[in-house]
Amino acid sequence: MSHSPQLITELLGLADAWGWSAEDLARELRVDRTTLLQYRSGRRALTVRALARIARRFGEQRMVRDLVWHHLAVECSPDAPAGASPTSAPTALSPSVARDLRAYVDRFGKDSLHGRGLFLVGTDAAVLSAALLFLQALLEEAGIPACRLRADRTPSASETRAALAAPVFLLERFDFACDAVHDLSRQRGDLVRPTVLTSMRPPGDISDPHLRRVLAGMTRLIDLTPASTTLPLHGPVLAGPEAQ
C-alpha cells in the first residue's frame, strides 16, 4: 500500500477531537506510535489483526464501522490488479467535471457516512449520460457497488430492493422521474444513503418541497453546461442528516 488509509486518517482526526494524542490512540490499538504513523503514511499495511482491534475498540462509532468496511472493500480490493490503467474520461466531459467525479469516488468512504451524493445538471442529454456512465465505471474500478436506473421507468420489486441496498444509487434523468422513483429517492434519503442524479433542470425546479429539501441537503451540484463553473467538492454545501 502506497497511500494513506482513510481509516487511519479519520481515526487520528477523531482522536484529536477527543483530546487524545497519537500516542494515546496507538496505546488503545496496542501498537507503538511509530507503527501508527507508518499506517497513516502507507509505509506499512494495516493487518487483519489491526483492523479487528479498531473494530472492537471503536466499533460503536458508525463512522469507524463504515471506514473499516470501506478499507476492506475498496482500498484492499483484490479485484483491482496492481498497475491497472485508470478509467479514461470521455471527451464530452470537461477536465474539471472529470476531476470532480474522480474526487467524489476517492472521498466516497467519507461522503457516504452522511449520505452525500451528487446532482449532475446540464443542457445536453448525451453529456449527462456520459458523466453518469463515467462515474459508474469509476465506482466499479474502486470496487464500490452501484445500482443504476432510469428515472422515467417504474422499478420492479427486485430493482427497488437493489436500489435501497446499494452503497450508491445512480439515477438517470430525474427531470422525468415517475412517482415510484420519487418515493425511492425519499427512502434513500431516510436511510442516509448517497444518490447521484442527472437532470436537465436544477434541483430548485423539483415540485415536491420535501424531496427538494432532501436532495438539496444530501447532494452536491455539478453543472455540466459549457463554460459553467463547477462547484468544488470540498466547498460549502448544505449539510445532510448526520450519521447516528
Taking the stated definitions as given, is Asp66 within 25 Å of the chain's Cα centre (by Cα), of a type in the set (Asp, Glu) and surrounded by 15 or more Cβ atoms within 10 Å (Cβ to Cβ)? yes
It is to be established whether one or more residues within the range 209-220 are surrounded by fewer than 18 Cβ atoms within 10 Å (Cβ to Cβ), assigned to a loop (DSSP other than H, G, I, E, B), assigned by TED's automatic domain parsing to the domain that holds Val121 and at pLDDT 85 or above. no
Tell me which of these Phe134 doesn't satisfy, since it passes every other one: (1) within 22 Å of Arg212 (Cα to Cα); (2) surrounded by 19 or more Cβ atoms within 10 Å (Cβ to Cβ); (3) free of Cβ contacts under 8 Å to residues at least 60 places away in the same chain; (4) among the hydrophobic types (A, V, I, L, M, F, W, C). (1)
Mind checking whether some residue in the range 84-91 is loosely packed, with under 13 Cβ neighbours inside 10 Å and modelled with pLDDT of 80 or more? yes
Residue in the range 159-172 that is hydroxyl-bearing (Ser, Thr, Tyr), surrounded by 15 or more Cβ atoms within 10 Å (Cβ to Cβ) and touching a residue at least 40 places away in the same chain (Cβ under 8 Å) present: no
Looking at the range 56-76, I want the residues that are at pLDDT below 80 and have a partner that is among the acidic types (Asp, Glu) and in a helix (DSSP H, G or I) with Cβ atoms under 8 Å, at least 6 apart or on another chain. Which pairs are those? Met63/Glu10; Val64/Glu10; Leu67/Glu10
Go through (1) out of contact with any helix residue (DSSP H, G or I) (no Cβ under 9 Å at 6 or more places or on another chain); (2) buried (at least 19 other Cβ atoms within 10 Å of the Cβ) and name the single condition Leu25 misses. (1)
Would you be able to tell me the number of residues in the range 1-34 that are outside any helix (DSSP H, G or I), at pLDDT below 85 and over 19 Å from Ala45 (Cα atoms)? 1
Going by the structure shown, is Asp183 in contact (Cβ under 8 Å) with a residue 12 or more places away in the chain and over 18 Å from the mean Cα position of the chain (by Cα)? no
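The values are calculated or read from the model by the stated rules, or taken from the named source; none is laboratory data. Bear in mind that the values here come from a model prediction, so they are computed numbers and not experimental data. Cβ coordinates were reconstructed from backbone atoms using ideal geometry, including for glycine residues, and neighbour counts include every protein chain displayed.
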